[in-house]
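Engineer: Input: one structure, supplied below.
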Amino acid sequence: MTAPRFDRAAPAPGPLVQGFAGRGFSVDGRIYQGLLLTPERAAAWEAPALTALEPAHVDLALALDPAPEFLILGTGPAMAFPPLAFTAALEARGIGVEAMDSRAAARIWGLLRAEGRWIAAALMPL
């Protein structure tokens, strides 16, 4: 009797974080210190201090059609909460915010994209 075979489904298209390098993220052979991700692209991000974060800082990640289900916010080397005004402004647009440390955010990005979820991410440097 042969063991059952489990094949992974083809990954969802778009960028995936393949690893970490120093304070940054490796995506398709390129290192990003701060990173915005959409199902369609990865882009360098000059992340502000968390306390100064405003919706305009992540507009590139939110400019999807349709809008993303939510934004995964990587808050750097440790989990921290974004300003309430930032979260409220995104929620007013129908976009939730899930904050976590940036390493966890990168891993969750890959997991949720493998499920085909329509999401965006903003990852602050590690």
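To keep it simple, each residue is scored yes or no on (1) in contact (Cβ under 8 Å) with a residue 24 or more places away in the chain; (2) small (Gly, Ala, Ser); (3) farther than 18 Å from residue 126 by Cβ.
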{"position": "20", "(1), (2), (3)": "yes, no, no"}
{"position": "23", "(1), (2), (3)": "yes, no, no"}
{"position": "39", "(1), (2), (3)": "yes, no, yes"}
{"position": "46", "(1), (2), (3)": "no, no, no"}
{"position": "65", "(1), (2), (3)": "no, no, yes"}
{"position": "82", "(1), (2), (3)": "yes, no, no"}
{"position": "101", "(1), (2), (3)": "yes, no, no"}
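Engineer: Hey, can you tell me all the residues within region 3-15 that are at pLDDT below 95 and surrounded by 13 or more Cβ atoms within 10 Å (Cβ to Cβ)? Let's see the steps before the verdict.
Structural biologist: We begin by selecting, within region 3-15, every residue at pLDDT below 95; these are 3-14.
If the condition is that a residue be at pLDDT below 95 and surrounded by 13 or more Cβ atoms within 10 Å (Cβ to Cβ), then 12, 14 are the ones that fit.
Engineer: May I pose another question? If we scan region 70-79, do we find a residue that is more than 20 Å from residue 14 (Cβ to Cβ) and either without any contact (Cβ under 8 Å) to a residue 12 or more places away in the chain or among the β-branched types (Val, Ile, Thr) (or both)?
Structural biologist: Checking region 70-79: at least one residue is more than 20 Å from residue 14 (Cβ to Cβ) and either without any contact (Cβ under 8 Å) to a residue 12 or more places away in the chain or among the β-branched types (Val, Ile, Thr) (or both).
Engineer: Got at least one residue in region 68-80 being touching a Leu at 6+ places or on another chain (Cβ under 7 Å), of a type in the set (Gly, Ala, Ser) and on the phi > 0 side of the Ramachandran plot? Spell out how you get there, then give the answer.
Structural biologist: Filtering region 68-80 for residues touching a Leu at 6+ places or on another chain (Cβ under 7 Å) gives 68, 71, 74-77, 80.
Going one step further and asking which of them are of a type in the set (Gly, Ala, Ser), we end up with 74, 76, 80.
Those still in the list that are on the phi > 0 side of the Ramachandran plot too: 76.
Scanning region 68-80, I find at least one residue that is touching a Leu at 6+ places or on another chain (Cβ under 7 Å), of a type in the set (Gly, Ala, Ser) and on the phi > 0 side of the Ramachandran plot, so the answer is yes.
The values are calculated or read from the model by the stated rules, or taken from the named source; none is laboratory data. None of the values given here were measured: they were computed from a predicted structure. With ideal geometry, Cβ positions are generated from the backbone for all residues, glycine too; neighbour counts draw on all protein chains shown.
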